[in-house]
Amino acid sequence: MRDLGDILIYDSQFLFHLKHRVPVQVYEGELHVEVGQIARFNDHFVEIGQTLFNRKRFTFVSRPGY
């Protein structure tokens, strides 16, 4: 189980959140942009709420129980 506030970097972390439907919060710098569950991901993008987020541009933070 991931802890509240863990930053997702590796595919295995994104896969865990996808499989277990753990919410993820998305930040652009310090600005909160989105929160939701991962629909799918690849090496370059993460889809949350029908929006694609570039993995290099945005930060993804684990939010279990959100």
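The values are calculated or read from the model by the stated rules, or taken from the named source; none is laboratory data. Worth saying up front: this structure is predicted, and the values here are computed from it rather than measured. For the accessible areas, the whole protein counts, side chains as well, though only heavy atoms, and no ligand, DNA or RNA atoms are used. Shrake-Rupley method; radii C 1.70, N 1.55, O 1.52, S 1.80 Å.
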For this session: State the percentage of accessible surface on the chain attributable to carbon and sulfur atoms; use a 1.4 Å probe and exclude ligands, DNA and RNA.
Result: 50 percent
Problem set entry | Karplus 3J(HN,Hα) series, Hz, for region 33-44 with 6.51 cos²θ - 1.76 cosθ + 1.60 (x for Gly, Pro) | 10, 7, 9, x, 9, 6, 8, 5, 7, 9, 5, 10
Exercise. Applying the Karplus parametrisation 6.51 cos²θ - 1.76 cosθ + 1.60 with θ = phi - 60° to the phi angles of region 46-52, what ³J(HN,Hα) value in whole Hz is obtained for each residue in order, glycine and proline being reported as x?
Worked result: 10, 9, 9, x, 6, 10, 8
Exercise. Amide H to amide H under 5 Å from Phe45: which residues, 5+ apart in sequence or cross-chain, H placed 1.01 Å off N in plane?
Worked result: Arg55
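Under the classification rounded if a/c is under 1.5, otherwise prolate if a/b is larger than b/c and oblate if not, where does the chain fall, given a ≥ b ≥ c as square roots of the Cα gyration tensor eigenvalues? The partial results should precede the final answer.
Working: a/c = 1.36, a/b = 1.12, b/c = 1.22.
It is rounded, given that a/c, with a ≥ b ≥ c, falls under 1.5.
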Problem set entry | Relative contact order, percent, the chain [alpha-carbon distance under 8 Å, six or more residues apart] | 40 percent
For this session: Enter the accessible area per residue of the chain (Å², integer; probe 1.4 Å; all protein chains in place).
Result: 67 Å²
